[in-house]
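A quick write-up on the structure given underneath.
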2 protein chains.
Amino acid sequence: LFQCCASCNCGLDPKKRDMLMKLEELRRTGGAVELDEREKLLDAKLRKLQEHEMKAGPFPPSMHFFKAKPLIEQSPIFSLLQKMPKGGALHVHDFGIVGVEWLVKNVTYRENCYVCFTNEVFVQFIFSSGQPAPRPLCSRWTLLRSLREKTKNITDLDNSFIRNLTLFTEDPDRAYPSQDVVWKRFEKAFLGAYGLVTYAPVFKDYLYEGLRQFYVDNIMYVEIRALLPATYELDGRLNDKQWSMQACQEVVRRFTAHYPDFVGARVIFTVHRGVNATVAIKAVEEAMTLQRNFPDTMAGFDFVGQEDLGRPLWYFKDALSLPEQRGVDLPYFFHAGETDSQGTEVDQNLMDAILFNTTRIGHGFALARHPVVKDMSRKMDVPVEVCPISNQVLKLVSDLRNHPAAMLMAEGHPLVISSDDPALFGSSGLSHDFYEAFMGFGGMSFNLGTLKELVLNSLRYSSLPSQTKEKAIAALLVKWDKFVLESLL
Amino acid sequence: LFQCCASCNCGLDPKKRDMLMKLEELRRTGGAVELDEREKLLDAKLRKLQEHEMKAGPFPPSMHFFKAKPLIEQSPIFSLLQKMPKGGALHVHDFGIVGVEWLVKNVTYRENCYVCFTNEVFVQFIFSSGQPAPRPLCSRWTLLRSLREKTKNITDLDNSFIRNLTLFTEDPDRAYPSQDVVWKRFEKAFLGAYGLVTYAPVFKDYLYEGLRQFYVDNIMYVEIRALLPATYELDGRLNDKQWSMQACQEVVRRFTAHYPDFVGARVIFTVHRGVNATVAIKAVEEAMTLQRNFPDTMAGFDFVGQEDLGRPLWYFKDALSLPEQRGVDLPYFFHAGETDSQGTEVDQNLMDAILFNTTRIGHGFALARHPVVKDMSRKMDVPVEVCPISNQVLKLVSDLRNHPAAMLMAEGHPLVISSDDPALFGSSGLSHDFYEAFMGFGGMSFNLGTLKELVLNSLRYSSLPSQTKEKAIAALLVKWDKFVLESLL
Ligand SMILES: [Zn+2]
Ligand SMILES: [Zn+2]
């Protein structure tokens, strides 16, 4: 009957019309989720909130996040989403997971922290037992403790650091007229945090604090795309990637010991997509070694950096063929389609990600423009990691109702919601992105079932081994029922 | 083989990769068009221009049309598109087809033209043999000839009229912060033109000039959505819809007699979607009468006005069921899905348009978010009339690369490109919209085959009777070959 309805003109029979509407609903993400009685009650409550929010003045998903944020934070839907157990965050980057307040108020107040200024605007930091060697294009290194002693308004100084380390600005359209400009600014913010986070003792604390902030946002599992850069000690001695992986493993164990309902964290080793073929081969070899040495913590491999300016995946084909040639299973988690170039070499990345057997697709913003790749991704159950706020701030889309994930979710394409670099955008672990996705991609057409499916997807599509995954999903469902019950009180 | 390729992981075989790319190409609008030797040469030339334009500085489709327009007009691709025979313009409105320069420089200079000012900003015009009766909220009517005699700078005055009658402004983001604001301004501009265009002698000239401007833009056929308002004579006497249809018929005959390669124009009678059920029934009855009396000129029926604020199609179900009940064939051409409300009553219009057996869908901006309706539209070969510049100016999308038609074209959905109200946006008949669609929706992935298919679609999906349609397509193909040849010189 459904088949008939969809394939022929059914005229004006209201019953058939209802059936077609039901058919559309069933196709949607979460549209086939059956809600129990309690969930239905919460869904009815949610529906009223949605109706109110669609009508009440400026609609946050249509605005730039920097302007929408205060509105979102007043929304009762947002506070519901904060309380909701959100499962896993599958697309976040090292250097982008800890709110920068913590970096400035905690890390820069530690002993032996030096600062220098480039162009009198941007800052870099370093920890050192003595005066650090000067850097090109940077002022003389100043010990932050001395600088603070000489500074009248320390709050202003700290706020200027905070502004440096995030992309926030009152007038983003003016400050960031193009993708290239905002990406440059983005990389500067990364560089600012770099000297703080790669200091070996901070590295561990940073990771721990990152997990804590995600945990507080009701997230029970994280997969971190990590450059695993060399960390340094106070005397300038460098630690290698093995050290960093060891540190990750140790921090995660310590964290899960403190918070037993936290499932854990895994690392996707990443390399900048600007590297040449030789460096890429070395990186893939390193990834295979890490995979062998840290099978529990290491999840796989990916490239990072602005896709339009980097090298396409096909350029790296020799490196990416290595694992299969050597009989090693190295899962890939490629960023692909984070672009609006159409029909160029870069626009080929989505197809190549699938051909290289990627486990998930990072962003996949361009996927809806590639119907063949979209079909393959669906048939092979390769989900897209959708990061709404990141795509908006990095200028792929302004009004989030036009985000292509709205179409993907309308047809129930496998996907998860993530936050990319929440620290740089000023968002929380996942709650702000969930708000944008829920209200922006679906409006009144999404419901509690949508949320439940998204949350379950975040564990289903994780790289967790199957037994752990099953346990995690069971634990999530217990949390979910508790959330539903408490939200009805 | 293709089937296999799309459904399984094909690994790294470059041949299979090429095949998948070919498969994507074949799905695209025009991807299966076979180009002859000459067309291939022109396509190669076009490809170079596309490459250059993708790299050369700010990309016009990513900018607001008011800022992009001067850039577009310098583009060699645009001048190619101007010369290209574009077939038919299937979605344009009366009051929006003649560049306002003509209204101001020609019509307002005619005898007996009065002007009044509302809020000292907006203008209204009327022709009258004596002093016209005052209008609420409007200054005293002034004879334009007297006003011009008293005015020092007539150019300034005329330019202020021109600004009134279009939406153009240097800073559209500031002037039009929301859809409601820009729609209000849009309706004010319509009101400004109303008193000029509905003056009976002007009505005919306006239509003739409209056809001429489209003809100059290499368009051979037009379907005009027309409110068919009462026209007035100098003494205030009113003419009815029959008069207007008669006038249309006469003007089209006169025009085609002058320009024998122009195929003609047909009228889609439209009513504002704010009317109540009773008025709608009357309108549909009028439409049936016009259809009987002017079978060659009258094409069908539609509703107009801001979809979000108007009544949904389902509200009009009794009126829309009338023709079938009376055994009359009244084709529908519904505006539907010109909205970004999701899951609301208005968002149901797309499905209802299909259920009411619409011949084409006006805009269908939301279609990609309705996979069931999308499938039906494809299977029933109901095309979407895509109006890129209109959707951008009316704030459905800012960067045209994110227009959902990019996805529809990637999967070869039936569609045509049109211009809605070119006079109000400052665009030409179809060339500017073709530029935005070609470069914005496809970038490097579109080619000459895309253009050929779009151009053929514009006649294939017209309401012309089949014999006339076949002749028109044959004539278009002759024009096309001439265009290809001349563009190679
Ligand atoms: Zn990322
Ligand atoms: Zn229209």
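The values are calculated or read from the model by the stated rules, or taken from the named source; none is laboratory data. Only a predicted model underlies this, so the values are computations on that prediction, with no experimental measurement involved. Here the Cβ positions follow ideal geometry from the backbone for every residue, glycine too, while neighbour counts run over all protein chains shown. The accessibility values were calculated without ligands, DNA or RNA, using every heavy atom of the protein model including side chains. Shrake-Rupley method; radii C 1.70, N 1.55, O 1.52, S 1.80 Å.
Please state the shape class of the range A:305-382: rounded when a/c is under 1.5, otherwise prolate if a/b exceeds b/c and oblate if not, all from the C-alpha gyration tensor.
oblate
Keeping the other protein chains in place, figure out the carbon and sulfur percent of the accessible area of chain B, with a 1.4 Å probe.
Taking all protein chains in place, chain B shows 54 percent carbon and sulfur surface.
Among B:143, B:178, B:77, whose Cα sits farthest toward the positive end of the charge dipole of the protein assembly as shown (+1 at Cβ of Lys/Arg, -1 at Cβ of Asp/Glu, about the Cα centre)?
Of the options given, the answer is B:143.
Using only the heavy atoms of the protein chains and a 1.4 Å probe, how would A:231, B:278 rank by accessible area, largest first?
My answer, sorted largest first, is B:278, A:231.
Report the rotationally averaged projected area of the range A:380-456 based on its alpha-carbon convex hull, in square nanometres.
Its Cα hull, projected and averaged over all orientations, spans 5.0 nm².
Could you give the semi-axes, largest first, of the ellipsoid that matches the range B:135-211, computed as the square roots of 5 times the alpha carbon gyration tensor eigenvalues and rounded to whole Å?
Equivalent-ellipsoid dimensions as semi-axes: 24, 19, 14 Å.
Answer with one residue from B:62, B:96, B:108: the one whose Cα lies farthest towards the positive end of the charge dipole of the range B:1-132, charges on Cβ with Lys, Arg +1 and Asp, Glu -1.
B:62
What order, most packed first, do the peptides A:235-245, A:372-382, A:132-142 have when packing is the mean number of other Cβ atoms within 10 Å of each residue?
By packing density, highest mean first, the sequence is A:372-382, A:235-245, A:132-142.
Leaving out ligands and nucleic acids, note down the accessible area per residue over the protein assembly as shown with a 1.4 angstrom probe, in whole Å².
Each residue of the protein assembly as shown exposes 39 Å² on average to a 1.4 Å probe.
How many partner chain Cβ atoms sit within 10 Å of a residue's Cβ in peptide A:334-347, on average, as a whole number?
4
With n ≥ 4 as the cut-off for DSSP H runs, can you work out [θ] at 222 nm for the protein assembly as shown, using -39500 (n - 2.57) per run divided by the number of residues, rounded to the nearest 500?
Computed mean residue ellipticity for the protein assembly as shown: -14500 deg cm²/dmol.
Report, in cubic angstrom per residue, the convex hull volume of the C-alpha atoms of the range A:100-258.
Once divided by residue count, the hull of the range A:100-258 is 149 Å³.
Seen from all sides and averaged, what is the projected area of the convex hull of the Cα atoms in the range B:342-489, in nm²?
If I average the Cα hull's projected area over directions, I get 10.0 nm².
In terms of modelled amide H atoms, which long-range or inter-chain residues lie less than 5 Å from the amide H of residue A:271?
Under 5 Å from the amide H of residue A:271 lie the amide H atoms of A:302, A:303, A:304, each far enough along the sequence or on another chain.
Tell me, what ³J(HN,Hα) does each residue in the range A:171-179 have, in order and in whole Hz, if you take phi through Karplus 6.51 cos²θ - 1.76 cosθ + 1.60 with θ = phi - 60° and put x for Gly and Pro?
10, x, 5, 7, 5, 10, x, 9, 4
Just name one of A:400, A:49, A:474: the one whose Cα is farthest towards the positive end of the charge dipole of chain A (beta-carbon charges, Lys/Arg +1, Asp/Glu -1).
A:49
From the label point of residue B:468, set 7 Å from Cα along Cα→Cβ, how far away are the matching label points in the other copies, in nm, ordered shortest to longest?
Values, ascending and in nm: 7.1.
If you line up the long axis of helix A:466-488 against the longest principal axis of chain A, both from Cα atoms, how many degrees apart are they, to the nearest 10?
Value to nearest ten degrees: 70.
Among the lysines, which have Cα under 19 Å from the Cα of residue B:395 when same-chain residues fewer than 8 positions away are ignored?
Counting by Cα, and skipping residues close in sequence, residue B:395 has these lysines nearby: A:55, A:67, A:395, B:67, B:69, B:184, B:188.
With an 8 Å Cα cut-off and a minimum separation of 6 or more residues, compute the relative contact order for the range B:92-135 in percent.
Rounded, it is 25 percent for the range B:92-135.
What is chain B's relative contact order, in percent, from Cα pairs under 8 angstrom and six or more apart in sequence?
Averaging sequence separation for qualifying contacts and normalising by length gives 23 percent for chain B.
Distances from residue A:258 to the same residue in each other copy, label points 7 Å out along Cα→Cβ, in nm, shortest first?
Relative to the other copies, residue A:258 has label-point distances of 8.2 nm.
For residue B:472, what charge total do you get from the other residues with a beta carbon under 13 Å from its beta carbon, if Lys and Arg give +1 and Asp and Glu give -1?
+3
Dipole size in debye (nearest 20) for chain A around its Cα centre, Lys and Arg Cβ +1, Asp and Glu Cβ -1?
It works out to roughly 460 debye.
Report the rotationally averaged projected area of the range B:420-489 based on its alpha-carbon convex hull, in square nanometres.
Its average projected convex-hull area is 5.9 nm².
Give the long-range amide H neighbours of residue A:122: residues separated by 5 or more places, or on another chain, with amide H under 5 Å away, using H modelled in the peptide plane at 1.01 Å from N.
The answer is none.
Which three lengths, in whole Å and largest first, does the protein assembly as shown cover when its Cα atoms are put on their principal axes?
Taking max minus min along each principal axis of the Cα atoms, the protein assembly as shown gives 95, 69, 66 Å.
When all C-alpha to C-alpha distances in chain A are sorted into bins of 20 Å, what percent of pairs does each bin hold, rounded to whole numbers?
Cα pair-distance distribution for chain A, in percent: 23, 56, 19, 2, 0.
Checking the cross-link filter: which lysines have an alpha carbon closer than 20 Å to that of residue B:150, excluding same-chain neighbours under 8 positions apart?
Cα-Cα hits under 20 Å: B:105.
Ranked from the most accessible area to the least, with a 1.4 Å probe and all protein chains present, what is the order of A:83, A:15?
A:15, A:83
Other chains' Cβ within 10 Å of B:360-373 residues: what's the mean?
4
For the range A:218-342, what ratio Rg/Rh do Cα atoms give with a Kirkwood hydrodynamic radius?
1.01
Based on the alpha-carbon set only, what is the convex hull volume of the range B:1-128 divided per residue, in Å³?
238
Rounded to the nearest 20 debye, what is the charge dipole size of the protein assembly as shown about its Cα centre when +1 sits on each Lys and Arg Cβ and -1 on each Asp and Glu Cβ?
Using only the charged Cβ atoms, the result is roughly 480 debye.
Exposed loop GluC sites (Glu not before Pro) only (DSSP loop, at most 12 other Cβ atoms within 10 Å): please give the longest stretch of chain A free of them, not including the sites.
Result for the longest clean stretch: A:171-489.
Once the label point is set 7 Å along the Cα-to-beta-carbon vector, what list of distances in nm do you get between residue B:321 and its counterparts in the other copies?
Ordered by increasing distance: 6.5 nm.
Given a cut-off of under 8 Å on Cα pairs at least six residues apart, what relative contact order in percent is computed for the range A:54-145?
So the answer I get is 20 percent.
Let me check I've understood the local charge: for residue A:458, count other residues with C-beta under 14 angstrom from its C-beta, Lys and Arg +1, Asp and Glu -1. What total comes out?
Here the count lands on +2.
Using θ = phi - 60° and the Karplus form 6.51 cos²θ - 1.76 cosθ + 1.60, what ³J(HN,Hα) does each residue of the range A:39-47 get, whole Hz, x for Gly and Pro?
4, 4, 5, 5, 4, 5, 5, 4, 4
Would you mind giving the total buried accessible surface between chains B and A, with a 1.4 Å probe and ligands, DNA and RNA left out, rounded to the nearest 100 Å²?
Summing both chains' loss of accessible area gives about 5100 Å².
Once you charge only the Cβ atoms, +1 for Lys and Arg and -1 for Asp and Glu, what is the size of the charge dipole of the range B:268-395 about its Cα centre, to the nearest 20 debye?
60
Kindly identify residues of the range B:407-436 having a loss of at least 40 Å² in accessible area between the isolated chain and the assembly of all protein chains, probe radius 1.4 Å.
Buried by 40 Å² or more upon assembly, which counts only protein chains, are B:407, B:410.
Please compute the net charge surrounding residue B:78, taking Lys and Arg as +1 and Asp and Glu as -1 over other residues with Cβ under 14 Å from its Cβ.
So the surrounding residues net to -2.
Let me know the mean shielding of B:437-447 by other chains, meaning the per-residue number of their Cβ atoms within 10 Å of its Cβ.
Mean shielding count: 3.
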